[in-house]
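Structure first, commentary second.
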Amino acid sequence: MSIVVDSVSKRFGDFVALDDVSLEVRDGSLTALLGPSGGGKSTLLRVIAGLEQPDAGRVLIGGADATFEPPQRRGVGFVFQHYAAFKHMTVRKNVAFGLTIRKRPKAEIDARVDELLRLVHLEGFANRYPAQLSGGQRQRMALARALAVQPRVLLLDEPFGALDATVRKELRAWLRRLHDEVHVTTVFVTHDQEEAMEVAEQIVVLNDGVIEQVGSPRDLYERPANEFVMRFIGPVAPLGERWLRPHDVEIILEPVRGAVEATIDRVIHLGFEVRVELSLGDGDSTWVQTTRGRAEELELDEDQTVWLRPAEERAMEPEPA
Amino acid sequence: MRNRLILRFLALGYLALLLGIPVALVFVNALQDGVAAAWEAVTTPEAQHAFYLTMVMVAVAVPLNTIFGVLCALAIVRQRFRGRALLNAMVDLPFAVSPVVVGLSLLLVYGRRDGWVGEWLAEWGIQVIFSTPGMILATMFISLPFVVREVIPVLREIGTEQEQAAATLGAGGFQTFFRVTLPAIRWGVAYGVVLTTARALGEFGAVSVVSGKLSGRTETATLFVENRFQRFDETGAYAASLVLALLALATLLAMNLIKPKEAQG
């Protein structure tokens with residue numbers, strides 16, 4: 001189901017968590033709410049779920065106004081950062097909870113729970129308690145529990161935030177695949193731009209309670225709407241008055257018009273990638289990302305004087321005959 | 001090593017002097033004329049009625065204070081309202097006020113001649129003071145804080161996420177409470193119930209003031225002990241004390257049996 005957030009505002013005392021936020025999430029899409037902590041992304045997710053009541057504005061789920069519906073009747077699945085596992089219930093009872101509440105026949109519940117446990121790779125863990133699971137397993141259990149009631153939308157609040165780096169990477173790829181299988185409209189909150197880029201089809205950048213930009217990962221990276229998005233969504237290198245992506249800066253050995261003179265401080269070889277740190281004439285420092293092939297071709301070395309220019313402008317020059 | 005031994009000696013010695021030896025002496029004294037004499041002393045009609053009355057106190061005060069205690073703890077932890085801090089402080093009043101004062105204050109409210117509502121209740125044929133209702137009220141007052149105090153920290157610790165998760169899964173308020181909140185706080189509730197029971201069993205001061213101490217009618221087990229002692233019936237006094245001590249021990253033992261393994265020190 002599609003989600004429409006229409007001019008939603010929310011304050012906590014003097015703190016403005018959401019300031020007139022409007023957003024559309026397409027049916028069946030996978031959207032990330034990205035931003036620094038305190039930016040309002042969790043509040044927005046909780047407003048969509050009905051766990052927070054907005055001070056102003058409307059929330060529409062599947063085209064119907066859900067602003068005053070309690071969370072019980074919104075048909076949302078919600079996954080919390082710290083799992084919110086029911087500690088006194090087994091994995092099976094946890095996953096079955098929503099169906100038990102709906103008083104479905106036992107055979108149907110058992111079949112559905114088994115299916116979901118297979119989907120989240122917890123087949124052998126049905127009779128364990130949450131305390132006997134790892135963090136990643138607990139979060140997959142929480143996901144199965146949310147999916148059990150066939151929600152119209154799936155909302156995940158920093159779902160991988162409490163997990164270690166390896167598990168986090170695994171679960172990201174897995175969430176992506178799960179979405180391809182289940183096709184439920186999914187919105188997840190993250191403060192990790194790499195996670196948002198890797199998993200989401202659409203990214204919403206939120207900062208200080210305001211949406212800075214909405215777009216595909218590529219849009220945001222290549223055409224950031226402002227300096228905040230540019231700096232938040234990827235690495236930046238200063239060059240004169242401009243900010244560029246470090247791989248969009250070209251190193252040349254000869255001065256040309258528009259190029260800036262710089263001295264190489266360090267050349268760092270990271271395998272395929274080579275990172276070059278430089279000092280600019282005005283005392284600023286910057287860095288350039290290039291390939292091993294290019295660095296060898298130019299024979300880059302410390303203390304060498306080079307010139308830097310934005311790479312896309314190369315295309316404007318006529319090809320040498 | 002030596003420091004640890006000294007610490008252990010001090011802790012155990014302190015316990016022995018204050019608790020162990022006096023309780024042990026009650027056992028010895030209760031049985032000094034033999035088991036038969038002790039048994040006879042606690043099975044007289046007066047004694048039986050006294051224990052029956054104590055059980056009535058426990059049977060009414062414990063369930064009511066458990067229900068109220070859980071609701072009160074939920075209000076203090078989960079709700080934001082004016083007077084919440086006051087309610088939180090009020091709950092501790094029975095700890096701070098002497099039971100005798102509690103008894104006298106109940107007389108002021110329910111006393112038949114000059115009590116605040118006593119006269120009005122008497123017209124309806126309800127006698128509170130010098131009868132069971134007043135004694136139950138006194139016992140409830142005295143044992144009120146235990147469940148609240150045990151449940152509040154547990155509620156704080158479990159937080160609200162499990163309850164929110166239950167809500168998004170379709171559970172209403174009652175379903176969430178009985179399926180999620182109550183199971184999560186059950187050890188806190190159980191511990192509170194045990195302490196409430198122990199306190200209700202042993203209450204003397206407040207009940208003594210409002211009971212009128214009519215032997216065989218308004219005499220609880222603790223009042224019976226005092227009565228026997230005043231009449232130089234040492235066997236009766238110590239034998240009844242022994243039963244009370246055993247009841248309290250059984251309650252504490254029950255708590256240790258139900259307590260989850262990970263919570264044991």
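Identify the single condition in (1) more than 16 Å from B:THR251 (Cβ to Cβ); (2) open to solvent by 10 Å² or more (accessible area, probe 1.4 Å) that B:LEU195 does not satisfy, given that it satisfies every other one.
The failed condition is (1).
Residues in the stretch B:147-163 that are crowded, with 22+ Cβ neighbours inside 10 Å and either on the phi > 0 side of the Ramachandran plot or outside any helix (DSSP H, G or I) (or both): how many?
Number satisfying all stated conditions: 0.
Here's the yes/no breakdown for (1) open to solvent by less than 40 Å² (accessible area, probe 1.4 Å); (2) closer than 26 Å to A:GLN150 by Cβ; (3) of a type in the set (A, V, I, L, M, F, W, C):
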{"site": "A:GLY13", "(1), (2), (3)": "no, no, no"}
{"site": "A:LEU23", "(1), (2), (3)": "yes, yes, yes"}
{"site": "A:ARG26", "(1), (2), (3)": "no, yes, no"}
{"site": "A:LEU30", "(1), (2), (3)": "yes, yes, yes"}
{"site": "A:GLY40", "(1), (2), (3)": "yes, no, no"}
{"site": "A:LEU51", "(1), (2), (3)": "yes, yes, yes"}
{"site": "A:PHE68", "(1), (2), (3)": "no, yes, yes"}
{"site": "A:GLY77", "(1), (2), (3)": "yes, yes, no"}
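Here is a yes/no grid of residues against (1) of a type outside the set (A, V, I, L, M); (2) in a helix (DSSP H, G or I):
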residue	(1), (2)
A:VAL229	no, yes
A:PRO238	yes, no
A:ILE251	no, no
A:VAL276	no, no
A:ARG294	yes, yes
A:GLU297	yes, yes
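What's the total number of residues in the stretch A:136-161 that are open to solvent by 20 Å² or more (accessible area, probe 1.4 Å) and either farther than 17 Å from A:LYS41 by Cα or among the aromatic types (Phe, Trp, Tyr) (or both)?
Total satisfying the criteria: 6.
Looking at the stretch B:181-198, I want the residues that are assigned by TED's automatic domain parsing to the domain that holds B:MET55 and have a partner that is in a loop (DSSP other than H, G, I, E, B) and charged (D, E, K, R) with Cβ atoms under 8 Å, at least 6 apart or on another chain. Which pairs are those?
B:ALA184/A:LYS87; B:TRP187/B:LYS259; B:ALA190/B:LYS259; B:TYR191/B:LYS259
To keep it simple, each residue is scored yes or no on (1) outside any loop (DSSP other than H, G, I, E, B); (2) more than 14 Å from chain A (Cβ to nearest Cβ).
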position	(1), (2)
B:ALA165	yes, no
B:PHE177	yes, no
B:VAL180	yes, no
B:PRO183	yes, no
B:VAL189	yes, no
B:ALA206	yes, yes
B:VAL210	yes, yes
B:GLY216	no, yes
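So which of A:GLY209, A:GLY215, A:GLY234 is at pLDDT below 90 and either in contact with a Lys or Arg (Cβ under 7 Å, 6 or more places away or on another chain) or open to solvent by less than 40 Å² (accessible area, probe 1.4 Å) (or both)?
One residue alone meets the criteria, A:GLY234.
Pick from A:LEU117, A:LEU143, A:LEU155: which is in a helix (DSSP H, G or I), touching a strand residue (DSSP E or B) at 6+ places or on another chain (Cβ under 6 Å) and over 24 Å from B:ILE185 (Cα atoms)?
Among A:LEU117, A:LEU143, A:LEU155, only A:LEU143 is in a helix (DSSP H, G or I), touching a strand residue (DSSP E or B) at 6+ places or on another chain (Cβ under 6 Å) and over 24 Å from B:ILE185 (Cα atoms).
Pick out, from the stretch B:7-117, the helices (runs of 4 or more DSSP H) lying fully within it that include 3 or more residues that are in contact (Cβ under 8 Å) with a residue 60 or more places away in the chain.
B:21-30, B:35-41, B:45-78, B:99-110
Can you spot a residue in the stretch A:100-109 that is closer than 21 Å to B:GLY159 by Cα and modelled with pLDDT under 95?
No: zero hits.
Is there any pair linking a residue in the stretch B:157-178 that is touching a residue at least 24 places away in the same chain (Cβ under 8 Å) to one that is crowded, with 17+ Cβ neighbours inside 10 Å, with Cβ under 6 Å and at least six apart or on different chains, and which?
Sorted first by the residue in the stretch B:157-178, then by its partner, the pairs are B:ILE158/B:ALA184.
Kindly indicate which of B:VAL70, B:VAL102, B:VAL109, B:VAL97 is open to solvent by less than 80 Å² (accessible area, probe 1.4 Å) and either under 23 Å from B:TRP187 (Cα atoms) or outside the structural domain of B:VAL154 (by TED's automatic domain parsing) (or both).
B:VAL70
Quick check: anything in the stretch B:174-189 over 27 Å from A:ARG104 (Cβ atoms), open to solvent by 20 Å² or more (accessible area, probe 1.4 Å) and in contact with a Phe, Trp or Tyr (Cβ under 6 Å, 6 or more places away or on another chain)?
The answer is no, given that none of the residues of the stretch B:174-189 is over 27 Å from A:ARG104 (Cβ atoms), open to solvent by 20 Å² or more (accessible area, probe 1.4 Å) and in contact with a Phe, Trp or Tyr (Cβ under 6 Å, 6 or more places away or on another chain).
If I go through the stretch A:67-82 residue by residue, how many of them are within 14 Å of chain B (Cβ to nearest Cβ) and either hydroxyl-bearing (Ser, Thr, Tyr) or touching a helix residue (DSSP H, G or I) at 6+ places or on another chain (Cβ under 8 Å) (or both)?
Number of matching residues: 10.
Please indicate, with yes or no, whether at least one residue in the stretch A:82-91 is within 19 Å of the chain's Cα centre (by Cα) and crowded, with 23+ Cβ neighbours inside 10 Å.
Checked against the condition, which is being within 19 Å of the chain's Cα centre (by Cα) and crowded, with 23+ Cβ neighbours inside 10 Å, the stretch A:82-91 yields at least one hit.
Tell me, yes or no, whether the stretch A:282-293 has at least one residue that is modelled with pLDDT of 85 or more, over 28 Å from A:VAL229 (Cα atoms) and not charged (D, E, K, R).
Within the stretch A:282-293, one or more residues are modelled with pLDDT of 85 or more, over 28 Å from A:VAL229 (Cα atoms) and not charged (D, E, K, R).
The values are calculated or read from the model by the stated rules, or taken from the named source; none is laboratory data. Computed from a predicted model, the values in this text were never measured in an experiment. Ideal geometry is used to build each Cβ from the backbone, glycine not excepted, and the neighbour counts take in all protein chains shown. In case anyone asks, the SASA skips ligands and DNA or RNA and just uses the protein heavy atoms, side chains included. Shrake-Rupley method; radii C 1.70, N 1.55, O 1.52, S 1.80 Å.
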